[in-house]
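Report on the structure given below.
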Amino acid sequence: MTKFDFGSVETAFEADWPVAASVPQDGGQVEEQTFTVRFKLLTDEEFDAVNAHKEPAKELIRRSVVGFGKEESSPFSTELLEKMLARGYLRIALNKAYGNFSMGIAAKN
């Protein structure tokens with residue numbers, strides 16, 4: 001076990017984090033697909049602003065996703081993120097991944 005770095009709470013925190021999406025398929029099936037995004041940890045004030053928004057689930061992702069992971073081949077853009085947010089299955093996957101990231105819950109392989 002590593003000793004906690006108290007200095008780490010003094011600076012903004014970002015990390016690449018896996019997202020697992022259940023992508024709908026023909027015949028009522030889903031296919032698990034994964035990708036990596038770069039999340040930033042929101043402050044309490046930022047989180048309060050998210051909750052005050054008329055669409056908090058979308059706003060959480062808009063504020064917390066700062067890019068794609070290094071291994072992703074697609075370039076990140078706000079336009080692409082908005083298209084992703086229009087898909088319910090991606091919005092759910094991104095919100096779940098941020099929740100795990102923000103609470104320090106390890107991603108499942």
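Pairing residues of segment 66-87 that are touching a residue at least 24 places away in the same chain (Cβ under 8 Å) and part of a helix (DSSP H, G or I) with residues that are open to solvent by 60 Å² or more (accessible area, probe 1.4 Å) and of a type outside the set (Phe, Trp, Tyr), at Cβ distances under 7 Å and at least 6 apart in sequence or on separate chains, gives LEU85/ARG91. Comparison of ALA93, ALA106, ALA49 shows that the only residue that is in a helix (DSSP H, G or I) and closer than 20 Å to SER22 by Cβ is ALA93. Consider segment 71-91 and keep the residues that are in contact with a strand residue (DSSP E or B) (Cβ under 7 Å, 6 or more places away or on another chain) and more than 14 Å from THR34 (Cα to Cα). The one that is least open to solvent (accessible area, probe 1.4 Å) is LEU81. The single residue among VAL66, VAL19 that is in contact with a helix residue (DSSP H, G or I) (Cβ under 6 Å, 6 or more places away or on another chain), closer than 16 Å to TYR98 by Cα and β-branched (Val, Ile, Thr) turns out to be VAL19. If you go through segment 3-29 and keep only what is in a strand (DSSP E or B) and without any contact (Cβ under 8 Å) to a residue 24 or more places away in the chain, you end up with GLN25, GLN29. Condition (residue is open to solvent by 50 Å² or more (accessible area, probe 1.4 Å), under 17 Å from ALA106 (Cβ atoms) and over 16 Å from the mean Cα position of the chain (by Cα)) applied to segment 4-15: is it met by at least one residue? For segment 4-15, residues open to solvent by 50 Å² or more (accessible area, probe 1.4 Å), under 17 Å from ALA106 (Cβ atoms) and over 16 Å from the mean Cα position of the chain (by Cα): present. Only residues that are in contact (Cβ under 8 Å) with a residue 40 or more places away in the chain and either exposed (fewer than 13 other Cβ atoms within 10 Å of the Cβ) or basic (Lys, Arg) (or both) were counted in segment 97-109, giving 1. You will find that of PHE39, PHE47, the residue that is at pLDDT below 95, open to solvent by less than 90 Å² (accessible area, probe 1.4 Å) and of a type in the set (Phe, Trp, Tyr) is PHE47 and no other. Among the residues making up segment 16-29, a single one is among the acidic types (Asp, Glu) and open to solvent by 60 Å² or more (accessible area, probe 1.4 Å): ASP26.
The values are calculated or read from the model by the stated rules, or taken from the named source; none is laboratory data. What you see is a predicted model; the values in this text were computed from it and never measured. For neighbour counting, all protein chains shown are included, and Cβ atoms are generated from backbone atoms with ideal geometry for every residue, glycine included. Ligands, DNA and RNA are excluded from the accessible area calculation, which covers all protein heavy atoms including side chains. Shrake-Rupley method; radii C 1.70, N 1.55, O 1.52, S 1.80 Å.
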